[in-house]
Amino acid sequence: MSKKIYLHLGFHKTASTSFQHTCAKNTERLNELGFLYPGFKYDAERFNRTLFNHSHPIFSAFTDKPAKYRFNIRNIKNITKTNKTQIEFLDKVISEDKNIILSGEDISLLKAKGHQDLFEHLKRSGKEVVPIVVVRSPYSYFTSACQQGVRGGNVMNFARYNPQKAKIEAIREAYGDAVKFVSFSEACSHKDGPVGHLLTMMGIDPNTLNIQNSNAGDSNTFIRLQNSLNKIEPSIIDGKVNPKHKKLSPIQGSKFLLTAKELEEVKAPIDKENEYFKELLGASYCDASYKTSQELSLGDLFENYEEVFKLKKPNLSGKAVKLLLRSAESLEETDLALAHELASIVLEARPNGKVIQKKVKNYQTKLNKK
């Protein structure tokens, strides 16, 4: 039987990390079954490790703008040299007399030309290339994408919905009938979850491997507080890593969902994409409903994270004071009540501070006039 290259393209937020962890933890067993799941080694000055998420080496090598790739901005100085090294390793991998598994959700972000170049490159091995794409319903995908973006240091933008349609069309153009689409909701119904579904598609019995589950969703409180910090100090500014960016440790809580107001801003394009999915892929790829969460004020968020920032206490750090004051000042024109809430938190910790006393009094005076 001819060997195959299974090219798992994600999408994002479809248990890709769990699948990659499972393959990485079971490389020896996979090898016994006739499958090779490679680790790409990096020995760059700023990044020295082996990656089992193949997004970075493959996307960087086949995108037309590798210098704008966030992974490269953060970790790689000599992109051209690194790409050359990883392509050479990829060629060595696909020349092996085994079935090959490649998995990277960022690969799905390639333009059609990048996908075409990758497809042709892999086919030169003489193996059949089987692209696999797991697709999440539009609203579910958007809420998960918001979480991932915030964790990466970005700010949520509810006025901008990035449809999955463009990615799907690029993939269909490049891989044609070779690509296999999978409904995330149906994959979740597999007794071993999405990971088990993918393994079964590749002819691997999930019972023979140690399945890894990871990357659970974040709480609503955590995502919204991290988002407020990202507004002040995003992780990347002008294409460079921002050393002032602060990353919080997640805490437990109800899962992140859009509020009803936020949903209204993106509902039209989400409805449109659900219609597209239903026509092209089927009803199982669509949202059955749109669940929302209650609105939280920034004051509520800081209250919930009192242990993290030690807010409303005498030992409030100087950095926390600056953070709260800058947050308040940024909200003066758009949400005076919220600006007052934040300034009042600082006043509780710094009751003798002349500047904060004046600022809170000024906010209160303006509020009283409304």
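The values are calculated or read from the model by the stated rules, or taken from the named source; none is laboratory data. Owing to the predicted nature of the structure, the values given are computational and were not obtained by experimental measurement. Note that we place each Cβ from the backbone using ideal geometry, even for glycine, and neighbour counts take in every protein chain shown.
Being modelled with pLDDT of 95 or more, under 30 Å from ASN220 (Cα atoms), acidic (Asp, Glu) and in the same structural domain as VAL182 (by TED's automatic domain parsing) narrows it down to one of ASP97, ASP106, so name that one.
Of ASP97, ASP106, the one residue that is modelled with pLDDT of 95 or more, under 30 Å from ASN220 (Cα atoms), acidic (Asp, Glu) and in the same structural domain as VAL182 (by TED's automatic domain parsing) is ASP106.
Give just the number: which of (1) buried (at least 21 other Cβ atoms within 10 Å of the Cβ); (2) in contact with a helix residue (DSSP H, G or I) (Cβ under 6 Å, 6 or more places away or on another chain); (3) not hydrophobic (A, V, I, L, M, F, W, C) does TYR69 not satisfy?
Of (1) buried (at least 21 other Cβ atoms within 10 Å of the Cβ); (2) in contact with a helix residue (DSSP H, G or I) (Cβ under 6 Å, 6 or more places away or on another chain); (3) not hydrophobic (A, V, I, L, M, F, W, C), only one is false for TYR69: (1).
Select from region 130-168 the residues that are farther than 30 Å from PHE35 by Cβ and charged (D, E, K, R) and write down the one among them that is modelled with the highest pLDDT.
Among them, the one singled out is LYS165.
Name the single residue that is nearest to GLU32 (Cα to Cα) among those in region 94-118 being surrounded by fewer than 20 Cβ atoms within 10 Å (Cβ to Cβ) and touching a strand residue (DSSP E or B) at 6+ places or on another chain (Cβ under 9 Å).
It comes out as LYS98.
When you go through THR22, THR14, THR63 one by one, which is the residue that is touching a residue at least 12 places away in the same chain (Cβ under 8 Å), of a type in the set (S, T, N, Q), touching a Lys or Arg at 6+ places or on another chain (Cβ under 7 Å) and in the same structural domain as LEU110 (by TED's automatic domain parsing)?
The conditions single out THR14.
Name the pairs: first residue in region 274-293 and of a type in the set (A, V, I, L, M), second residue surrounded by fewer than 19 Cβ atoms within 10 Å (Cβ to Cβ) and at pLDDT below 95, Cβ to Cβ under 6 Å, at least 6 apart or on different chains?
none
Okay, residues lined up against (1) surrounded by fewer than 16 Cβ atoms within 10 Å (Cβ to Cβ); (2) farther than 26 Å from GLY176 by Cβ:
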position: LEU7; (1), (2): no, no
position: GLY10; (1), (2): no, no
position: LYS13; (1), (2): no, no
position: SER18; (1), (2): no, yes
position: THR22; (1), (2): no, yes
position: ASN31; (1), (2): yes, yes
position: PHE35; (1), (2): no, no
position: LYS41; (1), (2): yes, yes
position: PHE47; (1), (2): no, yes
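Could you please let me know if ALA61 is small (Gly, Ala, Ser) and closer than 22 Å to ALA145 by Cβ?
no
Those residues that are part of a helix (DSSP H, G or I) and touching a Pro at 6+ places or on another chain (Cβ under 7 Å), I need them from region 20-69; list them, please.
Residue satisfying the conditions is SER60 alone.
For the list (1) under 20 Å from the mean Cα position of the chain (by Cα); (2) assigned to a helix (DSSP H, G or I); (3) at pLDDT 95 or above, I need the number of the one condition that GLN86 fails.
(1)
In contact with a Leu (Cβ under 8 Å, 6 or more places away or on another chain), aliphatic (A, V, I, L, M) and under 30 Å from SER330 (Cα atoms): which single residue out of LEU248, LEU258, LEU263 fits that description?
Being in contact with a Leu (Cβ under 8 Å, 6 or more places away or on another chain), aliphatic (A, V, I, L, M) and under 30 Å from SER330 (Cα atoms) holds for just one of LEU248, LEU258, LEU263, which is LEU248.
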